[in-house]
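Trainee: One structure follows; several queries about it will come next.
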Amino acid sequence: MTTIAFVGAGPRTIGLLERLAANLSALPAPRLRVHVVDPYPPGGRVWRPDQSPLLWMNSRAGEVTMFPDDTVRCAGPVRTGPTLAQWAGLPSGTFPSRRAAGRYLRWCFGRIAGSLPSTVDIVQHRTRAVRLCGRTVELADGDRVEADLVVLAQGNIDGRDERYGAGHLPPAYTADADLSFLPAGADVIVRGLGLAFVDLMMLLTEGRGGTFHRGADGVLRYRRGGAEPVLWAGSRRGVPYLPKPDPAALTGPPPPSTGPAPGSGSAVPADPDAFWPAVCKELGWAYYHELCATRRDRTAMPWPDFAGRYASLAWGSDGMRALVAEAVPDPADRFDPDALADPLAGKAFASEEALAGWLRRRIAGTVAAPDRYAAILPALLRIGDRLSGPALGRLAKLSAFLGSGPPPYRLEQLCALSRAGVVRFLGRLPAVTVDGGMFVAHSATLRYPVTARFLVDARLPDDDVRCGDPLLAGLVRDGAAIRGGRLAVDPDTFQVLDTAGRPHPERLALGAFATAGRLGSFARPRSDAAFFRQNDAVARWLLHHVSASTRR
Ligand SMILES: Cc1cc2nc3c(=O)[nH]c(=O)nc-3n(C[C@H](O)[C@H](O)[C@H](O)COP(=O)(O)OP(=O)(O)OC[C@H]3O[C@@H](n4cnc5c(N)ncnc54)[C@H](O)[C@@H]3O)c2cc1C
């Protein structure tokens, strides 16, 4: 009998089990025991069923699937199954709660476990794995699992973050954080306007008894519950992410390219600024291609004429500016990547009310036209595929800003909360100091500082395998290599590497804590998702080792 231990029962492990089951169906059945270790039920921590229904996915139900289809290029047999929308009977455009996704994942786990041959059994351990020593996985409940092969699929782990003591909530999973220390009516400085902020905002408003109503004028309004604090929110950009675009807007044919794409052929400069004009030109190409194709009323030149001249002009040149002015009469329709990436840069407001008014108008505009920038996302991803280092980092942040924002309705709620005075804005680049037990925020946007007794860092912890998880910290002490705080793994086989670069023969790792196999989002149906291809390769690697050890 061969034994495989999976640490983590999140989507990655469930996806690996699906591929294991599918590949086993085509093999003579070996005797196999699979251990799955996680303190949370199948589906894992992010998707656990006991969290507030106010915590939503930022994926639409039709965008989420745990089953491959015939678009997936993998060696193992494809066995199809329902998307989250199909399984739950939801319209595919719905943004489900995370606990609804957890119910889907638990069902997937059950179905997959039930499809295994009788020679294979699964043992679940609802506890943490705390140490991996040789072939022994030590569990927090005192149990030990002897495993021939170990797969670490631990997702985001906790890390090393600055702590200011009482009154400060450091980066955390919002679902795990105890928010009861934030009293009704108290001012709270919040750093971050991303998805963790949206979770926090919902828990502290609707979660504390407030309600949203749409008036006869169509405007969404907030009625206070009385227990909410006042959130003063700012972030690097000072504006929330753009609303999550509709995938239908992203699945059209990729825009044509201006020619050799940035990053191909010649070396990418280490300084992302040096690279930016080439990226802007490529993104502008995608943007104007879409504008010419879909908004003829907004353009004054046919695409072939525009394209012929655009290709030979440098980004930012007088010639390029003249061409764009001639072809796109309204400046509001022109592509301005700097204003897009950093809309508050250079702006300062005399009062929070003035800043909030500007922000609400901007947010309402992005909600009304959520897919305006969707066309440049495929171009961004295509350029990102060829980059690494700081240039990739800058692009990844822009992709997240454009493509991984909250559901549009959550942004409408943000505007309603701003009108009700429950959410206030700090603007861009808030710097927080501590003065006499109070937190003081100075931003580049507001002309005066804001003082509060409470500070919340609304983001996930900076994970670091040296300190975020005892098992991983132990592996590092025992000689596993790290890169940028992550466990170093072979990018093709996902084998854990030691400091000499040698792959471990029996240990694999994939996920956010490792240098490969990060699952930024769920696999979309009919997209040949890397998730399935990776899982298939790993499952076949495991089965190859199972049959080799059975023969020994
Ligand atoms: C708050 C949040 C919201 C998200 N929302 C979305 C979304 O809406 N749409 C989307 O596509 N993606 C979303 N994501 C991305 C999400 O991380 C991935 O979709 C997916 O959950 C990653 O799967 P995973 O299995 O790699 O890791 P995880 O889902 O993190 O699962 C890892 C599991 O490992 C367990 N674990 C860790 N250490 C140990 C240990 N030592 N012993 C035992 N068990 C351990 C954890 O308890 C956890 O259950 C979100 C992520 C977060 C953090």
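The values are calculated or read from the model by the stated rules, or taken from the named source; none is laboratory data. Remember, it's a predicted structure, so these values are computed and weren't measured experimentally. Note: ideal-geometry Cβ built from the backbone for every residue, glycine included; neighbour counts use all protein chains shown. Note: accessible area is taken over every heavy atom of the protein model, side chains too, but ligands, DNA and RNA are not part of it. Shrake-Rupley method; radii C 1.70, N 1.55, O 1.52, S 1.80 Å.
Trainee: Just the residues that are more than 23 Å from the chain's Cα centre (by Cα) and within 12 Å of the ligand (Cβ to nearest atom), please, taken from segment 18-66.
Mentor: HIS35, VAL36, VAL37, listed by residue number.
Trainee: Need a quick list: helices (runs of 4 or more DSSP H) entirely within segment 300-360 having at least 1 residues that are closer than 19 Å to VAL239 by Cβ.
Mentor: So the answer is 337-341.
Trainee: Being more than 16 Å from the ligand (Cβ to nearest atom), surrounded by fewer than 22 Cβ atoms within 10 Å (Cβ to Cβ) and assigned to a strand (DSSP E or B) narrows it down to one of HIS504, HIS544, so name that one.
Mentor: When all the criteria are applied, what remains is HIS504.
Trainee: Can you tell me which residues in segment 132-141 are open to solvent by 60 Å² or more (accessible area, probe 1.4 Å) and farther than 12 Å from LEU471 by Cβ?
Mentor: Correct list: ARG135, ASP141.
Trainee: Working only within segment 455-482, note down all residues that are part of a loop (DSSP other than H, G, I, E, B), open to solvent by 20 Å² or more (accessible area, probe 1.4 Å) and farther than 29 Å from LEU203 by Cβ.
Mentor: ARG466, ASP478, GLY479
Trainee: Right, something else. Checking THR499 against (1) open to solvent by 30 Å² or more (accessible area, probe 1.4 Å); (2) touching a Phe, Trp or Tyr at 6+ places or on another chain (Cβ under 8 Å); (3) of a type in the set (Val, Ile, Thr), only one condition comes out false. Which one?
Mentor: Status for THR499: all satisfied but (2).
Trainee: Of the residues PRO430, PRO390, which is assigned by TED's automatic domain parsing to the domain that holds GLU206 and either over 18 Å from the mean Cα position of the chain (by Cα) or not hydrophobic (A, V, I, L, M, F, W, C) (or both)?
Mentor: So the residue among PRO430, PRO390 that is assigned by TED's automatic domain parsing to the domain that holds GLU206 and either over 18 Å from the mean Cα position of the chain (by Cα) or not hydrophobic (A, V, I, L, M, F, W, C) (or both) is PRO430.
Trainee: While we're on this one: Name the residue that is least open to solvent (accessible area, probe 1.4 Å), counting only residues in segment 326-356 that are of a type in the set (Gly, Ala, Ser) and farther than 19 Å from GLU290 by Cβ.
Mentor: ALA356
Trainee: Looking at segment 496-513, can you tell me whether even one residue there is in contact with a Pro (Cβ under 8 Å, 6 or more places away or on another chain) and of a type outside the set (A, V, I, L, M)?
Mentor: no
Trainee: Check TYR104 against each of (1) part of a loop (DSSP other than H, G, I, E, B); (2) open to solvent by less than 30 Å² (accessible area, probe 1.4 Å); (3) among the aromatic types (Phe, Trp, Tyr) and name the one condition it does not meet.
Mentor: (1)
Trainee: Residue under question is THR174, and the condition is that it be on the phi < 0 side of the Ramachandran plot, crowded, with 21+ Cβ neighbours inside 10 Å and not assigned by TED's automatic domain parsing to the domain that holds LEU20; does it hold?
Mentor: Judged against the criteria, THR174 is a match.
Trainee: Ok, one more. Looking at the structure I just gave you, is ARG486 surrounded by 15 or more Cβ atoms within 10 Å (Cβ to Cβ) and assigned by TED's automatic domain parsing to the domain that holds VAL188?
Mentor: The answer is no for ARG486.
Each row is one residue, and each column tells you yes or no for (1) under 29 Å from the mean Cα position of the chain (by Cα); (2) away from the ligand (no atom under 14 Å from the Cβ).
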| site | (1), (2) |
| --- | --- |
| VAL422 | yes, yes |
| ARG447 | no, yes |
| ALA458 | yes, no |
| ARG466 | yes, yes |
| LEU472 | yes, no |
| ASP478 | no, yes |
